[in-house]
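Asker: The structure follows.
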């Protein structure tokens with residue numbers, strides 16, 4: 001299957017924004033709201049990617065991932081935690097016996113400004129320590145220079161490596177840096193054809209993170225690929241989603257673009273840290289009829 | 001060659017949206033409405049009333065007065081009196097204040113007006129709330145601004161008002177059409193007698209209440225309800241200076257004959273069968289959304305609906321596949337539910353007309369494809385429908401269906417599509433989807449349509465003139481051009 005990445009489909013920004021606005025007129029209430037809140041919680045990659053991370057911090061966050069809010073029965077755990085390669089071992093130990101996966105960033109995250117050799121070593125470190133998933137970054141400089149084959153090749157190389165360990169690969173575009181929706185579509189096609197299991201918007205380390213228009217463009221790319229090949233690819237918006245209301249808007253958009261088959265944390269993740277607590281706040285409100293003070297919900 | 005397996009995505013099977021109905025306990029509706037003449041609600045001369053029903057439930061909402069010739073005469077006399085004694089003498093700045101006040105009152109009552117519009121006409125609450133009512137308020141705001149600037153609008157031409165305007169409006173955008181008619185007429189210094197459509201009189205009557213509350217001098221706006229003969233009576237009335245009509249081409253033709261030989265000024269906004277044209281370089285996913293909005297907005301009850309799709313053959317398979325997929329996420333049902341995309345058909349008569357065309361399309365050999373959604377057992381509903389493999393010669397490609405039915409044709413070259421797009425007696429609107437800017441400009445000059453949308457569809461604004469060529473009528477509503485039909489120079 002040949003594909004010229006210079007010819008990727010054009011995207012009309014006004015049209016995308018209007019489609020998003022239309023999704024946001026959906027009113028999700030009662031049972032359908034509770035269902036969605038729990039699904040969103042189960043889709044979170046609980047994330048800590050700070051210079052000041054330590055074993056203690058990661059261990060405490062992992063407990064939160066497994067037990068987001070013990071006061072409410074029947075709450076699911078989050079999908080995964082997301083940490084730096086040096087914290088993977090700690091996370092694996094802390095999460096033993098649970099269904100929560102360990103995702104590790106790599107490839108000189110967040111900038112990706114390093115050599116292929118170093119990026120492969122970075123990835124191998126995470127995988128050797130037991131990472132279930134790798135969140136890599138693309139070389140945005142090369143992309144903006146038009147070296148699309150370079151970007152394809154680097155993704156394919158990391159995919160080869162993760163595949164050997166039966167791990168899944170997420171590819172981060174840093175959409176805030178590549179700027180246009182046409183570029184987001186192009187990056188999506190490159191990553192999907194190079195073997196990405198997930199395409200992801202952002203590192204969360206620059207000002208502009210995930211937005212609904214960018215996410216919709218990526219969902220459209222996934223949909224076109226599915227209709228061509230029957231193969232599913234996952235999507236992860238990361239950064240900037242901190243409210244339950246916002247998360248539900250993303251789920252409506254996901255649902256009405258890709259359908260039921262994608263309403264599962266195998267195919268959709270939220271890269272978020274504070275979102276979990278707003279989801280819990282809303283779930284408490286649905287269960288008990290009033291909004292509780294935030295002090296009733298743990299911060300970890 | 002191996003047969004391609006059809007991949008399908010499924011929606012709404014695991015996650016069903018709970019009903020989310022808009023509250024109706026706050027609206028104020030009377031059991032019976034009279035005619036609004038000379039600032040008061042007066043009983044109809046005949047004493048007759050007719051029912052207005054909710055097309056989603058088939059239940060009666062209220063009784064509406066049936067005007068006769070005598071009522072028409074009273075209304076025109078009231079309008080004439082108000083024009084001679086009050087309105088034509090009032091400084092333009094003062095006229096503007098009343099129009100502005102009406103705009104503000106519409107905004108304040110927006111929620112109530114949207115609910116009533118949905119109950120009476122069947123359109124989804126999402127549309128009446130987000131589109132109809134805000135646009136109606138905006139028209140009054142916009143034209144309030146022009147009232148005292150007519151000399152600037154037409155420099156050195158000394159514009160003057162005409163007198164009494166008789167206005168007849170349709171059922172597809174009841175409140176909005178009333179705003180499109182009344183606002184420019186008042187801004188230019190005319191007085192008004194307006195007849196809403198018989199299936200959708202309620203929001204016009206609520207507007208009458210708003211007009212009362214605004215303190216607008218008695219007789220400046222008169223609203224008389226009833227069936228076709230009331231409109232005919234207005235058209236034939238000797239003391240009306242201008243007729244404005246929005247409705248079917250057939251009635252428009254009758255009106256034009258009726259005013260021939262009189263000195264009545266006339267504008268008509270009639271039917272359409274717009275071409276929505278998708279070129280191979282178009283942003284396909286956004287074009288598909290534009291096609292959907294073009295034909296399913298307001299259940300297709302739109303004169304400028306994009307009811308003929310022309311898709312370039314090289315991308316036809318992809319576009320059609322995506323259209324079929326998008327049909328599955330359109331929610332058809334209770335218009336009061338905030339999640340409903342497609343509401344009820346306005347009346348039994350219109351439902352029968354649409355179903356008749358579905359039969360015609362199938363009998364003529366076009367391939368019919370409908371969404372798999374369930375529709376309510378009560379009320380007037382039609383599933384969103386595509387007709388594939390049609391040609392210009394199919395009746396469903398030529399005649400205005402005024403429902404959620406799209407006729408799809410392919411084309412190969414730009415010359416071909418221009419010829420076919422224009423090959424229709426109508427000329428109201430068109431849509432062009434392409435990434436190439438020069439192609440847009442080329443087409444806008446060659447398409448015989450009053451409104452051409454580029455990479456979008458069904459966009460309206462009070463600043464933008466709207467109207468057609470050929471049998472879609474003449475005259476423009478909106479913008480500076482919308483002032484002209486109500487002035488003499």
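Asker: Using alpha-carbon positions, what is the distance between the centroids of the range B:428-445 and the range B:54-119, in Å?
Answerer: 38 Å
Asker: Find the relative contact order for chain A and round it to a whole percent, using C-alpha pairs within less than 8 Å whose residues are 6+ positions apart.
Answerer: 20 percent
Asker: Residues of A:26-32, mean number of Cβ from any other protein chain within 10 Å of their own Cβ, rounded to a whole number?
Answerer: For peptide A:26-32, the averaged partner shielding equals 6.
Asker: Still on this model: Divide by every residue of chain B the summed helix terms, -39500 (n - 2.57) for each DSSP H run of at least 4, and state the resulting mean residue ellipticity at 222 nm, rounded to the nearest 500 deg cm²/dmol.
Answerer: Computed ellipticity for chain B at 222 nm equals -11000 deg cm²/dmol.
Asker: Here is a further query. At a threshold of 8 angstrom on Cα-Cα distance, excluding pairs fewer than six apart, so keeping six or more, what relative contact order does chain B reach in percent?
Answerer: Result for chain B is 17 percent.
Asker: Using a Gaussian network model of chain A with C-alpha springs under 10 Å, which one of A:214, A:184, A:290 is most mobile by mean-square fluctuation?
Answerer: A:290
Asker: Partner chain Cβ atoms within 10 Å, averaged over the residues of A:259-272 - can you pull that number for me?
Answerer: 2
Asker: Using only atoms on other chains, find how many Cβ atoms lie within 10 Å of each Cβ of peptide B:16-24 and report the average.
Answerer: The shielding value for this peptide is 4.
Asker: Which of these, A:47, A:180, A:78, has the largest mean-square fluctuation under a Gaussian network model of chain A (Cα springs below 10 Å)?
Answerer: The residue that fluctuates most here is A:180.
Asker: Here's another thing I want to ask about it. Given the peptides A:102-114, B:280-292, arrange them by the average over their residues of other C-beta atoms within 10 Å, most packed first.
Answerer: Those peptides, ordered most packed to least, come out B:280-292, A:102-114.
Asker: Given the options A:46, A:254, A:70, which has the most mean-square fluctuation in a GNM of chain A, springs set between C-alpha atoms less than 10 angstrom apart?
Answerer: Comparing A:46, A:254, A:70 in a Gaussian network model of chain A, the most mobile one is A:70.
Asker: So, one more: Can you pull a Stokes-Einstein diffusion coefficient for the protein assembly as shown at 25 °C (0.890 mPa s), Rh from Kirkwood over Cα pairs, as a whole number of µm²/s?
Answerer: For the chosen part, D equals 85 µm²/s.
Asker: Sort B:246-252, B:334-340, B:469-475 by packing, meaning the average of other beta carbons within 10 Å per residue, with the highest value first.
Answerer: B:334-340, B:469-475, B:246-252
Asker: Treat the count of other C-beta atoms within 10 Å as a stand-in for reagent exposure and order B:180, B:15, B:453 from fewest to most.
Answerer: So the ranking, lowest neighbour count to highest, is B:15, B:453, B:180.
Asker: Here is a further query. Sum -39500 (n - 2.57) across every DSSP H segment of at least 4 residues in chain A, then divide by the residue count to get the 222 nm mean residue ellipticity, nearest 500.
Answerer: Taken over chain A, the calculation gives -14500 deg cm²/dmol.
Asker: Another one. Computed from the mean reciprocal separation of all distinct C-alpha pairs, what Kirkwood hydrodynamic radius does the range A:1-98 have, in Å?
Answerer: Hydrodynamic radius (Kirkwood, Cα pairs) of the range A:1-98 is 17.0 Å.
Asker: Same structure, new question: Highest mean first, how do B:312-321, A:195-204 rank when packing is the count of other Cβ atoms within 10 Å averaged over residues?
Answerer: Most protected by this proxy first, the peptides run A:195-204, B:312-321.
Asker: Also, I was wondering about something else. If neighbour count is taken as other Cβ atoms inside 10 Å, put B:245, B:489 in order from fewest to most.
Answerer: With the fewest neighbours first, B:245, B:489 line up as B:489, B:245.
Asker: With everything on Cα atoms, drop me the angle between helix B:284-296 and the longest principal axis of chain B, reported from 0 to 90° to the nearest 10.
Answerer: The angle comes out at about 50 degrees.
Asker: Could you tell me the center-to-center distance, by alpha carbons, between the range B:347-369 and the range B:286-307 in angstrom?
Answerer: 18 Å
Asker: Provide B:375, A:178 in ascending order of the number of other Cβ atoms located within 10 Å of each residue's Cβ, fewest first.
Answerer: Placing the least packed residue first, the sequence is B:375, A:178.
No lab work stands behind these numbers, since they all come straight from the coordinates. Note that the coordinates shown come from a computational prediction; the quantities given were computed from them, not determined experimentally. With ideal geometry, Cβ positions are generated from the backbone for all residues, glycine too; neighbour counts draw on all protein chains shown.
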